[in-house]
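Structure first, commentary second.
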Amino acid sequence: MAGRKDFLSQLAPENYVAGLGRGATGFTTRSDLGPAREGPSEDQIKEALAKRAAQLGAAPPTAYGATEKKEEDDDDDRFQDPDNETGLFANGQFDRDDDEADRIYQVVDDRMEKRRKSRRLVLLFSCSCMPSFRACCTHGLSLSPLLEQITDLNPSAISREAREAQERADYEANNPKIQQQFADLKRSLASVSEEDWENLPEAGDLTRKNKRTKTEARNRFYAVPDSVIAGARDSTQMDTSVVDDGSTTNGDGADTMDGTMTNFADIGAARDKVLQVRLDQAAQSGGADSTSGTATNIDPKGYLTSLSKSELKAGEVEVGDINRVRALLESVIKTNSRHAPGYLALSRLEELAGKIVAARNVIAKGCEICGSQSEDVWLEAIRLSSGGDNHNGKVIAANALKAQPQSTRLWIQAMELENTIPGKKRVMRKAADFLSKSVVIWKEMIKLEDSEQDAKLLLAKATEEIPLSVELWLAYARLVAQTETPETAQKVLNKARLANPSSHLVWIAASRLAEETGKGNPEQIIRRAIQSLARENAMMKREEWVQEAEKCETEGAIKTAACLIRETLGYGLDDDDDDRKNIWMEDAQGSVSRGRYETARAIYAFALRVYFTSRKLWRAAVDLEKAHGTPGALFQLMEKSVEAVPNDEGLWMMYAREKWRTNELDEARKILGRAFNQNPESESIYLSAFQLEADNHQISAARELLRTARQEASTDRVWYKSVAFERQQGDNDAALDLCQQALNTFPNCWKLHALKGQIYASKGQIPQAREAYNVGTRACPTAVPLFVLLSRLEEASGVVVKARSVLERGLMSSPKSAELRLEAIRVERRAGNIPQAKVLMAKALQALPTSGLLWSQSIWHLEPRTQRKPRSLEAIKKCDNDPTLFVTVARVFWNERKLEKAANWFEKAIVLDADLGDTWAWYVKFLMQHGTEEKRREVVEKCVANEPRHGEVWQGVRKEPANKTLGTEEVLKRVVRLLDEEEKGRGA
């Protein structure tokens, strides 16, 4: 093994052909028309493989690398095609018959080949040796054995194989391969030195086409516009002044109005307008409208305004445009002379161009050609010809009615051309002769009558002519009810019902008549109506019945509306349908949003009959009565609610609170007593009773209630209220004692830790307050207010570094807290480190891009005045439903003296979240400067009704112990005062 050569040094095996394994035995180029060089034959390959196997000591392979098959496989290969046929017979079975046929064909082929060679020999001998053969034949010799033994004795004899070989050799000699043509040059490459090889140039652009292209491009010239020349002329001048009209002035005072100077004033105004439009669009797409369910992409007033602005006057239309359109419309008329819209369009075009006579001529031609087919051309002709005494218009109208006497619009237009009432009546009566079945004609005739008796006669005649017109029947019944007795009107409605059994309007009119006159039962009438319509298969959908009920409510028929809801609200809904309650609540909320409170009240009443114990329905009904009902109806409904759901603490507390608001303290105490009986261990009821006594300055009773609550319903909220109550009374020692007891029981209540720290801070014991806050942050690591309080304590102590450290520690536990990030930014602002505040703001907005709190801080405190509006637009795109951000946008408009838009944004913020007290305070502050006394009083009343509880400034004022007895209105005034002081202190 040591003397064995490496692989590359060994000799190649016999018959080795490089590339044979991958099929690279030769190649042919396009210039080579002859066959490629052939590789070794199959026998040579087999022989080489056999020798190789013998050297390795393995069994000789039978084919190209395939080893000898096992004996058990011999039976499967016995009848394989020896020639390895493919194609049609590749999968066929090879048997003995096929083998015998192949042998027969081979014998025939051999025999034919011998015959062909014999013919060549016969031809040869016939020319040179015929006498000898004849002699042999005469001596009795046989020719057949001789022919079998004779071979081709003449090498130059003409045969097919020799001829093909000679032709191939001649072709290769005349058409040598590229490889053969360059063979001598290849051999001469052996004498090339390395220096010659290195000096060979790289293949490049030998044709120099690219260079010519580049040269031509550089030599191409263009005409320089005048603006470039003017700019080059004025490039050395300096001018930074902008006049009122937006144009600039050069050094000599001449105005440069050639269009080559930038109008900065116009650019600024356009930019402000675009930003304003985008802000309005953002507010419409995601603001208050989206929450109230009335969002729309079209402003009716703005749409009409834009239409009026887009109208073009005759002098503003381009003459070329009019000529092009005129030619187009004239071609339309010539192509189809009976095309009435073409005449209309052409006449309108001429009118727009100021050519009234031409317009009248065009429409007159249209009336002449297609007047019998289109009534629009006649109407247009009447419009263009009307004026003065309308004489021409009347003539055209007469011709039009002759051409189309069945046109209702033409009769109405002819009636409007008359200047006197008798003339109008005369035209309408003549129209009734031609159009006795037209409801419009009869209605116009009735409108022209001043006498109720004559109108009643016309209605009677109209209902006879058109019995299927429900509108005419209802008008007749209404007029009869006004002039005659209700019984007569009822008879008219009965006739209408017989003529129109599938009309619900007749039944509704009958019910309303019974409600107005007091003669009849509307509920019974509506019930019969539903039964009759069901028999006639004329029942409407539930939504349509709700709309009819709302319509009745609008017209004052409250009982009829309630009856309609009661009889039809469950139509189309299965009794086992679980979504019925949600569907009915959506119907009621929709009616409330449309201002139909009686319909909503009827829907809730019907739903509560089905779901008598549903807390959700009872609370929704109570909220409706509270907002749009009377106190008596509210108390009656709340009494029913607590009887239906006695275990609902919220309903009991709402009931007691409403009684307390009306100064019925004894009734409120009784209600809370009943609530105690139904819910003996309820924390909420205990605290409600305590709040009632505390608000009425019953300190002993309130303290006793809290003591009982701590014993009967000991929760962290009860303990927290107890500590807060003692703190409000000024007894900090008792408050600390209760707080420590509560923390022993509830160590994870962060409010108790915060209250403990605040008590120590109010007493001036800063180390104890710091310790209380630190204990709280360790016990409640996700309590954001604790970290904020501790940070402010450190900052107030003058240790800003510790304040930063506390906030960073809080962010590790709550990285998504906007309050912590905002407090960190404020710390830097108060320290005067504005660049660091901006850096923190950028990181905060990257982490919380939808935080309106952060965006508001950035817009109002970290952006220059000119960038506030663009920043506001960017913020609204990120978070379009944040009331804090809406207040900031309102303040931006307020600062720019756009008062109407500022008021709109304040109202949108209130609609989004009415529980945010700061929003109410900012709006009241705005109205105190730019609003009326009535509007300000209205907003304050709404704020008191909503009782806001949240807001950064609001909570700070509300939870101050000294403000424990203040009402909502007093708290609102104090918050407004604090906001005003904050702005003045900041110099805004």
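The range 891-964 and the range 420-458 have Cα centres spaced 59 Å apart. Taking every protein chain into account, the 1.4 Å probe leaves residue 391 with about 110 Å² of accessible area, to the nearest ten. Heavy-atom accessible area with a 1.4 Å probe sorts 439, 788, largest first, into 439, 788. As a rough guide to protection, the peptides 329-335, 410-416 ranked by mean Cβ packing within 10 Å, highest first, stand as 410-416, 329-335. Within the range 723-743, list the residues whose amide N lies under 16 Å from a label point set 7 Å along Cα→Cβ of residue 775. Only 723, 733-743 pass the distance filter.
Other residues whose C-beta falls under 15 angstrom from the C-beta of residue 738 contribute a net charge of +2, scoring Lys and Arg +1 and Asp and Glu -1.
Would you work out if the range 803-892 is rounded, prolate or oblate? Take a ≥ b ≥ c from the square roots of the eigenvalues of the alpha-carbon gyration tensor; rounded if a/c is under 1.5, else prolate when a/b is larger than b/c, oblate otherwise. Taking the square roots of the gyration eigenvalues as a ≥ b ≥ c, the range 803-892 is oblate. You can think of it this way: the chain between residue 960 and residue 166 has 273.6 nm of extra reach, that is 0.36 nm per residue less the Cα-Cα gap.
Here the gap between residue 700 and residue 408, fully extended at 0.36 nm per residue and compared with their Cα-Cα distance, gives a gain of 96.6 nm. When only Cα pairs below 8 angstrom with a gap of at least 6 residues are kept, the range 715-769 shows a relative contact order of 30 percent.
The label point for residue 182 and the one for residue 44, both projected 7 Å from the Cα toward the Cβ, are 2.6 nm apart. Distance between the C-alpha centers of the range 388-419 and the range 556-630? Whole Å please. The range 388-419 and the range 556-630 have Cα centres separated by 53 Å. Here the simple spin-label model places points 7 Å from the Cα toward Cβ, and for residue 464 and residue 874 these points are separated by 8.0 nm.
Mind scanning 425/559; 402/425; 898/964; 117/177; 763/802 and naming the pairs with a C-alpha gap bigger than 29 Å? Walk me through the intermediate numbers first.
Numbers: 425/559 40 Å; 402/425 19 Å; 898/964 38 Å; 117/177 35 Å; 763/802 22 Å.
Table pairs above 29 Å Cα-Cα are 425/559; 898/964; 117/177.
Structural descriptor for the range 452-537: relative contact order 22 percent, calculated from alpha carbon pairs under 8 angstrom and at least 6 residues apart.
Cα gyration tensor of the range 632-697, axes a ≥ b ≥ c as square roots of the eigenvalues: rounded (a/c below 1.5), prolate (a/b > b/c) or oblate?
Oblate, since a/c reaches 1.5 and b/c is not below a/b.
Per-residue SASA remark: residue 597, around 70 Å² accessible (1.4 Å probe; ligands, DNA and RNA not included). Dipole orientation for the range 697-789: of the candidates 720, 745, 788, 788 has the Cα lying most toward the positive pole (charges on Cβ; Lys, Arg +1; Asp, Glu -1). On full extension, the segment bounded by residue 113 and residue 450 gains 108.4 nm, given 0.36 nm per residue less the C-alpha separation.
FRET efficiency for the residue 623 to residue 808 pair, using the beta carbon distance and R₀ = 35 Å, is estimated at 0.20.
Going by a ≥ b ≥ c, the root eigenvalues of the Cα gyration tensor, does the range 600-742 fall in the rounded group (a/c under 1.5), the prolate group (a/b larger than b/c) or the oblate group? Because a/c hits 1.5 or more and a/b exceeds b/c, the range 600-742 counts as prolate. Under the simplified labelling scheme, the residue 536-residue 973 pair shows an inter-label distance of 6.4 nm, with each label point 7 Å from Cα along Cα→Cβ. In this calculation the C-beta distance from residue 471 to residue 734 is compared with R0 = 60 Å, giving a FRET efficiency of 0.15. For residue 334 and residue 416, the FRET efficiency from 1/(1 + (r/R0)^6), where r spans their Cβ atoms and R0 equals 51 Å, is about 0.90.
Surface calculation, 1.4 Å probe, protein heavy atoms: residue 115 sits at approximately 110 Å² accessible. With the charge dipole of the range 638-793 set up from +1 on Lys and Arg Cβ and -1 on Asp and Glu Cβ about the Cα centre, the Cα lying farthest toward the positive end among the listed residues 764, 660, 645 is that of 764.
The values are calculated or read from the model by the stated rules, or taken from the named source; none is laboratory data. Not measured: the values here are computed from a predicted model. When we count neighbours, we look across all protein chains shown, and the Cβ atoms used for this are built from the backbone with ideal geometry, even at glycine. Heads up: the accessible areas ignore ligands, DNA and RNA and are worked out on the full protein's heavy atoms, side chains in. Shrake-Rupley method; radii C 1.70, N 1.55, O 1.52, S 1.80 Å.
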